[in-house]
There are 2 protein chains.
Amino acid sequence: MVYAVNGDIVGLEQAGAACRECNLFQLCLPVGMGSDELEELDSIIKRRRPLKRGEHLFHVGTPFHAIYAVRSGSIRTYAPTEDGHEQVTGFRLPGELLGLEAIHLKQHPCAAMAMETTSLCEIPFERLEELCLRLPGLQHQLLTVMSKELLQDQSLLMLLGKKSAEERLAALLLSLSERYQRRGFSPTDFHLSMSRNDIGNYLGMAVETVSRVFSRFQEDALLIVQRKHICILNLPQLAVIASRRVSDTE
Amino acid sequence: MVYAVNGDIVGLEQAGAACRECNLFQLCLPVGMGSDELEELDSIIKRRRPLKRGEHLFHVGTPFHAIYAVRSGSIRTYAPTEDGHEQVTGFRLPGELLGLEAIHLKQHPCAAMAMETTSLCEIPFERLEELCLRLPGLQHQLLTVMSKELLQDQSLLMLLGKKSAEERLAALLLSLSERYQRRGFSPTDFHLSMSRNDIGNYLGMAVETVSRVFSRFQEDALLIVQRKHICILNLPQLAVIASRRVSDTE
DNA sequence: CGATGCTTTGACGAACTTCAACGCGGGTGG
DNA sequence: CCACCCGCGTTGAAGTTCGTCAAAGCATCG
């Protein structure tokens, strides 16, 4: 029996029902765990009131106590550079974890802000570590998630290091498309919860360039963009652009 | 009693002596572990014959069985992009781990090549996971190391996303300087084990640009560069350049 | 000692940033 | 309910950084 059809039912916050009844099951931390194990994991997870657009989950320097899983909505993480500016480090969708990069310093090196109304699961880290000692599957999954994140960062490195503006934006759109699809939404028709500024910052290009590339994509009939709504017309071609060869030295 | 003064004594490979007598103790996986725990960790670690310059530790797609710690020498990791080119993802110095990004896919997503004669410790991952279940300190340290790596990747993201060629090279030199210092070498006088090509690839700039920036730094009396030998004359100024404000939209 | 690969330097052009102005839409207050 | 205002997004023109192409210098190695 399924009580919660999506993760956004605020009334269920703090209720006993949790991972077992969350439709993000296969994307999140509980991947591959048995139901006994799940019950144990559930018991340490806290649910908090949803964040409104613009609210922070944590700031830079906030002591690290817990990692978080997005339940619904979306989160933007960003870090201040030494020079007083910011670098957007990622956009998190439902089922994705955040806060893992804080373990080392015991405080958050980046801030996390809701890009829209967002509900989250809070997983106290010390208790998670304890639990990992007893549940091999959980330990493995935690390591796996972190490994996955390392991998993602590496592909972003390639993006920033080797790709042109068009390729970068195409890659971001593709990534969003895939992630929405895995969550049961349309891969070709979705809403951008982040601003052009966020996109430009994340992809290492000026806002104006983001805007121009969007326009160019639209001229080429690859997509239709209306403010924050994206409708992808030619996904395969977008994929071609994203993985297009870049002139290199070798 | 200390048998191995540094990690490069080939004759000791496969000998019982290991972490407890390695001078990289405080940099590597065993941080904060008791001597009983260390003994257990030692028991699963294998030492292999040193790699010669240009030899691979693993290739892309190699099944993942173990993570590695650099004992002496240095390793370059790089990943092929979809377009047939490569992106250098990092340079590993003694005491640093590699292979963690492979957990998720169960095979290595990047290749690892020795930039000079390099000896390594091999840590079978399954046995490490088992051990982590019994040694909370080890589990914590493994998570910490991965967290640290996430953090490093993020600062590299900033580098590639927001910084000019000069700032990028200054940041790399600074990073190397700090890491050499922690390992007991001179922070101002060291040998670059990587080629200009590697540097350019890693920092997302053309070889020629790397060369030009080196020349500019030398003209400005920041450093003296002779082929692969670097002598930093003005470390503080280099730090200023590395963290110089970049014109942003905000 | 010539060959080869790596590095450096110069000239040119392209891609992107910067600066500036304008359009659009949503929210607020009259 | 409408008008105004402000933030966000778009578009154009000029300027800069960096990549590309080409060629030459310089160590290493057979």
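The values are calculated or read from the model by the stated rules, or taken from the named source; none is laboratory data. Values in this document were obtained by computation on a predicted structure and should not be read as measured data. With ideal geometry, Cβ positions are generated from the backbone for all residues, glycine too; neighbour counts draw on all protein chains shown.
Would you mind finding the one in A:ALA171, A:ALA165 that is at pLDDT 95 or above, small (Gly, Ala, Ser) and within 16 Å of DNA strand D (Cβ to nearest atom)? Show your work before the answer.
Values: A:ALA171 fails: within 16 Å of DNA strand D (Cβ to nearest atom).
On inspection, the qualifying residue turns out to be A:ALA165.
Hey, any hits in the stretch B:58-77 for a residue that's at the interface with chain A (Cβ under 9 Å from one of its Cβ atoms) and either surrounded by fewer than 21 Cβ atoms within 10 Å (Cβ to Cβ) or over 30 Å from B:LEU238 (Cβ atoms) (or both)?
No; the residues of the stretch B:58-77 include none that is at the interface with chain A (Cβ under 9 Å from one of its Cβ atoms) and either surrounded by fewer than 21 Cβ atoms within 10 Å (Cβ to Cβ) or over 30 Å from B:LEU238 (Cβ atoms) (or both).
Which of the numbered conditions does A:LEU105 fail, given that it passes all the others? Conditions: (1) surrounded by fewer than 20 Cβ atoms within 10 Å (Cβ to Cβ); (2) within 20 Å of A:ARG179 (Cβ to Cβ).
Evaluating A:LEU105 over (1) surrounded by fewer than 20 Cβ atoms within 10 Å (Cβ to Cβ); (2) within 20 Å of A:ARG179 (Cβ to Cβ) leaves (2) as the failure.
A:HIS85: surrounded by fewer than 22 Cβ atoms within 10 Å (Cβ to Cβ) and closer than 20 Å to B:LEU159 by Cβ, yes or no?
On the way: surrounded by fewer than 22 Cβ atoms within 10 Å (Cβ to Cβ): yes; closer than 20 Å to B:LEU159 by Cβ: yes.
Yes, satisfied.
Of everything in the stretch A:183-208, what is within 8 Å of DNA strand D (Cβ to nearest atom) and of a type in the set (S, T, N, Q)? Give them in sequence order.
A:SER195, A:ASN197
Taking the stretch A:128-151 as the region of interest, how many residues are surrounded by fewer than 17 Cβ atoms within 10 Å (Cβ to Cβ) and more than 9 Å from chain B (Cβ to nearest Cβ)?
Qualifying residue count, the stretch A:128-151: 1.
Can you name every residue in the stretch B:216-239 that is in a helix (DSSP H, G or I) and exposed (fewer than 12 other Cβ atoms within 10 Å of the Cβ)?
Filtering the stretch B:216-239 for residues in a helix (DSSP H, G or I) gives B:216-219, B:235-239.
Within the stretch B:216-239, B:GLU219, B:PRO236 meet the criteria.
Tell me which residues, restricted to the stretch B:178-230, are of a type in the set (Val, Ile, Thr), within 11 Å of chain A (Cβ to nearest Cβ) and free of Cβ contacts under 8 Å to residues at least 40 places away in the same chain.
B:VAL207
Find the strands (runs of 3 or more DSSP E) located wholly in the stretch A:43-88 whose residues include 1 or more that are assigned by TED's automatic domain parsing to the domain that holds A:LYS106 and in contact with a Cys (Cβ under 7 Å, 6 or more places away or on another chain), and list them. Before you say what the answer is, go through the steps one by one.
On the way: elements: A:56-58, A:66-72, A:75-80.
In the stretch A:43-88, A:66-72, A:75-80 are the strands (runs of 3 or more DSSP E) which contain 1 or more residues that are assigned by TED's automatic domain parsing to the domain that holds A:LYS106 and in contact with a Cys (Cβ under 7 Å, 6 or more places away or on another chain).
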